1. Multiplying the sequence separation of V71 and E124 by 0.36 nm and subtracting their Cα-Cα distance, what value in nm do you get?
2. For I7 and I42, calculate 0.36 nm times their separation in residues minus their Cα-Cα distance, and state this gained length in nm to one decimal.
3. What net charge is computed for the residues neighbouring T77, neighbours being all others with C-beta under 11 Å from the C-beta of T77, Lys and Arg scored +1, Asp and Glu -1?
4. Could you calculate the FRET efficiency of K80 with D24 from 1/(1 + (r/R0)^6), where r is the beta carbon distance between them and R0 is 22 Å, rounded to 0.05?
5. Would you kindly state how much longer the chain becomes between E135 and T33 on full extension, computed as 0.36 nm times their sequence separation minus their alpha carbon distance, in nm to one decimal?
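Please treat every number below as a calculation from the coordinates, not as lab data. Worth saying up front: this structure is predicted, and the values here are computed from it rather than measured. No Cβ is skipped: glycine too gets one built from the backbone with ideal geometry, and neighbour counts run over all protein chains shown.
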Amino acid sequence: MDYFALIDVDIVMSGAKLAQKSCDDYFKISWNTSSSLANFTIEIISDDWFNPSLWLKKEVNIIVNLRKDIVFDINATVKKGNVKISVPWGASVNNVEVNNVNGNILYDFDNCVIKGNIVGNITEGDFKLKSYNVECTQDVNWTLNNDGGDFNMSLSIS
């Protein structure tokens with residue numbers, strides 16, 4: 001395989017003052033694989049994105065499919081929006097950290113292997129953790145902080 005991950009970024013924007021604009025006017029997207037630590041970043045470069053008077057519709061979906069034979073660290077920082085991290089059957093993940101100012105976080109670990117620590121921080125939003133038959137290869141620290149919202153956990157250990 002010649003890739004670290006398959007990344008699908010879907011951005012839908014419609015509304016006032018968007019004529020003749022492209023996603024590059026609002027987002028800087030970079031994928032750096034030049035070092036041993038690969039890094040994918042989407043950065044907002046225009047404050048217009050947060051001005052509700054300019055928007056009729058806005059939606060950003062980022063789907064990242066990681067190779068199963070590589071153990072990844074996953075780090076996501078979001079100012080506004082929801083984050084879902086799913087680690088499927090038989091896959092391994094190292095450290096996972098998500099920081100979200102305004103939105104929800106869902107961790108879904110299903111019959112996978114966790115080799116690092118799990119961190120989640122929400123300022124305003126809901127936190128949901130689903131963990132089924134997870135194998136931990138070391139002592140794993142689960143640090144989950146939610147300053148304003150609901151917390152829902154569903155755990156099952158075989």
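1. Taking 0.36 nm per residue and subtracting the Cα distance, the gain is 16.1 nm.
2. Using 0.36 nm per residue and subtracting the Cα-Cα distance, I get 11.4 nm.
3. My count for the surroundings of T77 gives -1.
4. Result of the calculation: an efficiency of 0.60.
5. Extra length available between E135 and T33 comes to 33.8 nm.
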